[in-house]
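The structure appears right after this line, and notes come after that.
The values are calculated or read from the model by the stated rules, or taken from the named source; none is laboratory data. All of these numbers come straight from a predicted model, not from anything done at the bench. So basically every Cβ, Gly included, is an ideal-geometry build from the backbone, and we count neighbours across all protein chains shown.
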Amino acid sequence: MRLRHKPWASDFIAEHSQYAISNPEEYKGKWNEVFGNQNPIHIEVGTGKGQFLAGMAQQNPDINYLGIELFDSVIVAAIQKAVDLELPNFKLLNVNANDLTNYFDHNEIERVYLNFSDPWPKVRHAKRRLTYKSFLSLYETILVKGGEIHFKTDNQGLFEYSLISFSEYGLQLKFLSLDLHASNYEGNIMTEYEEKFSGKGQRIYRVEAKYMNEEK
Ligand code: SAM
């Protein structure tokens, strides 16, 4: 993602604390209080400009959505969508996914979405990929038992790497598609990157990966 420095971004985020939670560590274990209900919470890690979660929140009012985005200059676009839509079930966190366990307790999150995550193609950067085993361990810590990761990307290399990483971690793979837009998957909400890459004719890969840690 090309980043344009936006000197006003931090003020904008602070001014919209209703949608961009400024002290997320205080809500660890208490996100249901932030949303004012007991509905399931789904997070998107690397939410970018927020089109996917805004659409999901509109489509599914009984699910709470939290977008995690590292860069303030990017998340401001997602916050603006939240402000415009005034949805009670769509909020954003301007934090690094490395620190997810500072913000969420065990079993607090029901699903993790990863959409068009940065591919980090160099082998020496593999640990930065959001599907690297250390991230899978972080997600496992905050997810409910049997929780899921839903992943889509245009990047074949990242997709292949991620399938292996999920499998090696012991996740069960479901609904694997090598061409999402030509599949019979219904209700797909496109991300900004998905619109851009599929518009250029690129295939979109998708898979669901489920943690096999349910109590028997
Ligand atoms: N999901 C969006 C989409 O599909 O349009 C954005 C995709 S963009 C390629 C990846 C996003 O993930 C970037 O906005 C980047 O800042 C964010 N990101 C990457 N690593 C992150 C991390 N460790 N924590 C939070 N966000 C991260």
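Please enumerate the residues belonging to the stretch 118-133 that are free of Cβ contacts under 8 Å to residues at least 60 places away in the same chain, surrounded by 12 or more Cβ atoms within 10 Å (Cβ to Cβ) and over 18 Å from LEU173 (Cα atoms).
Our first condition is that a residue be free of Cβ contacts under 8 Å to residues at least 60 places away in the same chain; within the stretch 118-133, this holds for 119-129, 131-133.
Subset that is surrounded by 12 or more Cβ atoms within 10 Å (Cβ to Cβ): 119-121, 125-126, 128-129, 131-133.
The answer is PRO119, TRP120, PRO121, HIS125, ALA126, ARG128, ARG129.
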*Tally of residues being among the β-branched types (Val, Ile, Thr) and within 13 Å of the ligand (Cβ to nearest atom) across the stretch 56-74*: 2
*Which of the residues that make up the stretch 1-16 are at pLDDT below 85 and either under 21 Å from the mean Cα position of the chain (by Cα) or of a type in the set (A, V, I, L, M, F, W, C) (or both)?*
MET1, ARG2, LEU3
*The listed residue being touching a residue at least 12 places away in the same chain (Cβ under 8 Å), touching an Asp or Glu at 6+ places or on another chain (Cβ under 9 Å) and either closer than 29 Å to LYS196 by Cβ or of a type in the set (Val, Ile, Thr) (or both), out of SER73, SER10*: SER10
*Given (1) loosely packed, with under 15 Cβ neighbours inside 10 Å; (2) part of a helix (DSSP H, G or I), where does ALA54 come up short, assuming only one miss?*
(1)
_Here is a list: LYS174, LYS196, LYS145. Which entry is of a type in the set (Lys, Arg) and either part of a helix (DSSP H, G or I) or within 16 Å of the ligand (Cβ to nearest atom) (or both)?_
LYS196
*Filtering the stretch 199-216 down to residues that are within 16 Å of the ligand (Cβ to nearest atom) and aliphatic (A, V, I, L, M), which residue is nearest to ALA77 (Cα to Cα)?*
ILE204
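So which residues in the stretch 184-202 are acidic (Asp, Glu) and surrounded by fewer than 16 Cβ atoms within 10 Å (Cβ to Cβ)? Working first, answer last.
Step one: list which residues in the stretch 184-202 are acidic (Asp, Glu), which gives 186, 192, 194-195.
Within the stretch 184-202, GLU186, GLU195 meet the criteria.
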*Would you check if there is a residue in the stretch 30-42 being touching a residue at least 12 places away in the same chain (Cβ under 8 Å) and within 16 Å of the ligand (Cβ to nearest atom)?*
yes
_Taking the criterion of being away from the ligand (no atom under 12 Å from the Cβ), closer than 30 Å to TRP8 by Cα and in contact with a Ser or Thr (Cβ under 6 Å, 6 or more places away or on another chain), would at least one residue in the stretch 110-129 satisfy it?_
no
*Return yes or no: is PHE175 in contact (Cβ under 8 Å) with a residue 12 or more places away in the chain, of a type in the set (A, V, I, L, M, F, W, C) and surrounded by fewer than 18 Cβ atoms within 10 Å (Cβ to Cβ)?*
yes
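Results for (1) more than 9 Å from the ligand (Cβ to nearest atom); (2) assigned to a helix (DSSP H, G or I); (3) acidic (Asp, Glu), shown as yes or no for each residue.
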{"residue": "GLU44", "(1), (2), (3)": "no, no, yes"}
{"residue": "GLY48", "(1), (2), (3)": "no, no, no"}
{"residue": "VAL76", "(1), (2), (3)": "yes, yes, no"}
{"residue": "LYS81", "(1), (2), (3)": "yes, yes, no"}
{"residue": "LEU92", "(1), (2), (3)": "yes, no, no"}
{"residue": "VAL95", "(1), (2), (3)": "no, no, no"}
